Each structure stands twice: as C-alpha cells, then as structure tokens.
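S.K.: Right, I'll just put the structure down here and ask away after.
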Amino acid sequence: MREPEDGLAAVFAHIEANRHRFVERLMDYVRHPSISAQNMGVREVAALLVDMLTGLGMKAQAVPTKGHPMVLGRSTSVFGARTILLYGHYDVQPPDPLDAWISPPFEPTIRNGRIYARGIGDNKGQHFAQLLAIESLLTVTGALPCNVIVLLEGEEEVGSPHIAEFVAEHRDQLMADLVVTSDGPLHESGRPVLTFGVRGMAAFELRARTASRDAHSGNFGGVMPNAVWKLVHLLATMKNAAGQITIESLCDQTIPPTDQERAAAAKLPINLDRLRKDLCLREFDAPADRPFYDRLMFHPTLTINGLHGGYGGEGTKTVLPSEAFAKCDIRLVEAMTPEHVHKQVAAHVARYAPDVEYTRAEGFCLPRRLSTARSRAS
C-alpha cells in the first residue's frame, strides 16, 4: 500500500491516464434515463449504482421508500477515522421540450470540450466523478483514508418528498462528521466554491374550472368565464410588474441581511456581461437595480413553472377554455418555512379567487444554521 503523501499524486496520474475511459463510462451512465417525475428508468439506474458501489467494496442497497428508492453505500471499516457522507441524486428532470435540444437528451454528445446530455450537470456527472475518484484511490493505494457513506436520492427533482422520513428512519446508518454535496455549476473562473446554504422551495398548483367543457368563443365568449384568464388575474395579484411579491404576510419570517453580509456578497465575483450573453438576456428580472447576489441570497422568488389551458397547437382554434392550471414554486430564504408559505398562499388564493383549487406540493427548506453561514462564502 502506498503512503498517503505520495499516493495522491499517483491517484491524479491514474485519473489522467484513464481520462478517456472515464469519460466513456460517464457518457454510458447518462444514457440511462431516470426521470423521477415520469417514473421512467429510475429503478434501473438505482440497480446500476448498487452494482457500482458493490464493486467499490461497499455494502450497498437500494432502500425502498414510499416513492423512488434511495441508493445507500457504506464503507466504514477504517477504525477511528472520520466519516464523510457524499450526497447526490440520480434522478433527472424531464427533457422537454425535445425540439430545443441540439442533440438527443439521452445520447450524450461532446461539443467544444463539454458533454451535453440530460443529467450530466445535475447531478449524474458530479456524483459519478466522486465514485470514480473513490475507485481511483482504491486502485492506486488499496484503501480509503477515511470512512465513506454514499447516499444517492431518486426523488430530488420532484422535491425530495421522502428524504426527511428516510433520514429519520436510517439515522444510525447515516452518521457522519461531514456531508458533501456537489450539486451545482462550476464557477466560470474555475475556482472551487463552498456554499453554506441554498434556497429552499415551496411548490404548489393552481387549477381553475369554469364549466363542464370547453366552448366556442363566438357562441359563448362574454358569457362563460375563461379559466385561463381567471388564473392570469389571480397570478397578477401575487407579484407586480416591479418585481414585488404581493402575497400578504409571505415574507414575515425573512431576516434582512446585515451590512456585513451585503458587503461580503458584493465581493463575490460575477461577470454580468458573460452571463447575459450566455442566456441571451436583454435585461434582468425586476427590480433592475437589485445586485446579483442579493437576488440569490436575500430575497424569495415566485416562479410560474408552467401555465396550461385551452389550445396551443398550430393554427387557430376559437376555444373558450373551461379548465386551466398553473404550476408554481416559491424559493425560500433564511428562516422561511414551507408551512408558513403554503398557509399564506392558500389564504391569498381563498381571498382573491375562492373557486380556484390550491394544491400544495412537497416543499423543503434548509436548517437555519446552514443559511446563516452564508457570509462566510466570501
């Protein structure tokens, strides 16, 4: 067995020597769809991961939940050493709209030195790289310098509805000194970024029904209420054109940033011109004068994820929609909880559109002790 001090250099040399093979294995991994929202391929990918973790000498299993399984691998035989828990998720979002892809989402393609495929950057690429690092360390040195637990979730892209229950039931198997999650983009400078907290989420759906069936706008326009307009008017009461969320009492829990925190955020590097070019942005979301990192750290957001109803196909169809629905999420900042947010949104809907059905989706928030550390990220 190599000594740790010279083993790390050898590990990097091994990785470089096997770079092409590792990229091929990663591309083969992301070829397997695992779309949690559509229950497509999730269990098959979980089984692939169990096999890989077992091949790394871990005790591995796909643990059933009320939804999709959690993949858990443990290598905890280094007596007296620290334990690191690596968290990731193997599920991906639906690839729609398919016509927006230059290459098929599950046929990974390399362009300009980057791999393009669904899930490669969120989060299959990151956790697969961690597993390859463990494999490389074992190949070169013969052993791990610490205990390692790997937890890969199959429901992150649908709001992690069962992870809290899973952690509570399996806390003895998840005890660790440090938890690492590498779910996010690489900074454009190439420098590592440590994030001490991210925004939580409370998601919900609004559904309006105005009649038993769609009708002809010529025969019934001005008589039968339009379900899409009903939702548009309701949504307009939730956020104004100035970018202010106008749901009563929604932000009562938020803690304003201190001057020190604002100063730390202002020092974080960002190339706004490059960001605008990359996303083809003509402008930033309102309010226009809000600093970039203030937007991400200190203010909740209200997003309309999708608004559906009536006819959206080619040509004209003079339909008067009887039903419409919207999917939305609110991103939470420090001290906000999904319970409070859902309560306020439900009350708002009942006040402005009592006949619209409000359905909460599973939400999550981060412990306050994580988000309060945000100023240290500077």
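The values are calculated or read from the model by the stated rules, or taken from the named source; none is laboratory data. Treat the numbers as computed from the prediction; the structure is a model and nothing was measured. Because the Cβ atoms are built from the backbone with ideal geometry, glycine has one as well, and the counts that use them run over all protein chains shown.
S.K.: Identify all residues within the range 303-358 that are under 30 Å from ASP214 (Cα atoms) and part of a helix (DSSP H, G or I); write none if there are none. Break it down stepwise before answering.
M.R.: Initially, the range 303-358 is screened for residues under 30 Å from ASP214 (Cα atoms), giving 303-329, 345-358.
The answer is VAL345, ALA346, ALA347, HIS348, VAL349, ALA350, ARG351, TYR352.
S.K.: Another question about this same structure. Out of THR141, THR54, THR83, which single residue is without any contact (Cβ under 8 Å) to a residue 24 or more places away in the chain, of a type in the set (Val, Ile, Thr) and either farther than 20 Å from ILE35 by Cβ or in contact with a Cys (Cβ under 7 Å, 6 or more places away or on another chain) (or both)? Spell out how you get there, then give the answer.
M.R.: Values: THR141 fails: without any contact (Cβ under 8 Å) to a residue 24 or more places away in the chain; THR83 fails: without any contact (Cβ under 8 Å) to a residue 24 or more places away in the chain.
That would be THR54, the only listed residue that is without any contact (Cβ under 8 Å) to a residue 24 or more places away in the chain, of a type in the set (Val, Ile, Thr) and either farther than 20 Å from ILE35 by Cβ or in contact with a Cys (Cβ under 7 Å, 6 or more places away or on another chain) (or both).
S.K.: Does at least one position in the range 354-372 carry a residue that is over 30 Å from GLY67 (Cα atoms) and modelled with pLDDT under 90? Give the derivation first.
M.R.: From the range 354-372, those over 30 Å from GLY67 (Cα atoms) are 354-355, 372; that's our starting set.
Among the residues that remain, those that are also modelled with pLDDT under 90 are: 372.
Yes, some residue in the range 354-372 is over 30 Å from GLY67 (Cα atoms) and modelled with pLDDT under 90.
S.K.: Here is a follow-up. Pairs needed: first member in the range 7-29, closer than 20 Å to LEU49 by Cα; second member anywhere, aliphatic (A, V, I, L, M) and outside any helix (DSSP H, G or I); C-beta distance under 7 Å; at least 6 residues apart or different chains.
M.R.: MET27/ILE115
S.K.: Might you let me know whether the range 311-318 holds any residue that is charged (D, E, K, R), assigned by TED's automatic domain parsing to the domain that holds GLN253 and at pLDDT 95 or above? If you could, list the steps in order and put the result at the bottom.
M.R.: First pass over the range 311-318, keeping only residues charged (D, E, K, R): 314, 317.
Among the residues that remain, those that are also assigned by TED's automatic domain parsing to the domain that holds GLN253 are: 314, 317.
Subset that is at pLDDT 95 or above: none.
Scanning the range 311-318 turns up no residue that is charged (D, E, K, R), assigned by TED's automatic domain parsing to the domain that holds GLN253 and at pLDDT 95 or above.
S.K.: Could you tell me whether MET297 is within 28 Å of GLY312 (Cβ to Cβ) and surrounded by 15 or more Cβ atoms within 10 Å (Cβ to Cβ)? Full working, then the answer.
M.R.: Values: within 28 Å of GLY312 (Cβ to Cβ): no; surrounded by 15 or more Cβ atoms within 10 Å (Cβ to Cβ): yes.
For MET297, the condition - within 28 Å of GLY312 (Cβ to Cβ) and surrounded by 15 or more Cβ atoms within 10 Å (Cβ to Cβ) - is not met.
S.K.: Scan the range 230-265 for residues that are out of contact with any helix residue (DSSP H, G or I) (no Cβ under 7 Å at 6 or more places or on another chain), loosely packed, with under 15 Cβ neighbours inside 10 Å and either in a helix (DSSP H, G or I) or of a type in the set (Ser, Thr, Tyr) (or both) and jot them down.
M.R.: Of everything in the range 230-265, those that are out of contact with any helix residue (DSSP H, G or I) (no Cβ under 7 Å at 6 or more places or on another chain), loosely packed, with under 15 Cβ neighbours inside 10 Å and either in a helix (DSSP H, G or I) or of a type in the set (Ser, Thr, Tyr) (or both) turn out to be HIS233, ALA236, THR246, THR258, ASP259, ALA263.
S.K.: What are the residues in the range 270-321 that are without any contact (Cβ under 8 Å) to a residue 60 or more places away in the chain and touching a helix residue (DSSP H, G or I) at 6+ places or on another chain (Cβ under 6 Å), if any?
M.R.: ILE270, TYR293
S.K.: Would you check if there is a residue in the range 150-165 being surrounded by fewer than 18 Cβ atoms within 10 Å (Cβ to Cβ), within 30 Å of ASP122 (Cα to Cα), of a type in the set (A, V, I, L, M) and not assigned by TED's automatic domain parsing to the domain that holds CYS328?
M.R.: yes
S.K.: Is at least one residue of the range 39-47 within 24 Å of the chain's Cα centre (by Cα), of a type in the set (Val, Ile, Thr) and surrounded by fewer than 17 Cβ atoms within 10 Å (Cβ to Cβ)?
M.R.: Restricting attention to the range 39-47, the residues satisfying the condition of being within 24 Å of the chain's Cα centre (by Cα) are 39-47.
Narrowing the set further to residues that are of a type in the set (Val, Ile, Thr) leaves 42, 45.
From what is left, the residues that are surrounded by fewer than 17 Cβ atoms within 10 Å (Cβ to Cβ) are none.
No, the range 39-47 contains no residue that is within 24 Å of the chain's Cα centre (by Cα), of a type in the set (Val, Ile, Thr) and surrounded by fewer than 17 Cβ atoms within 10 Å (Cβ to Cβ).
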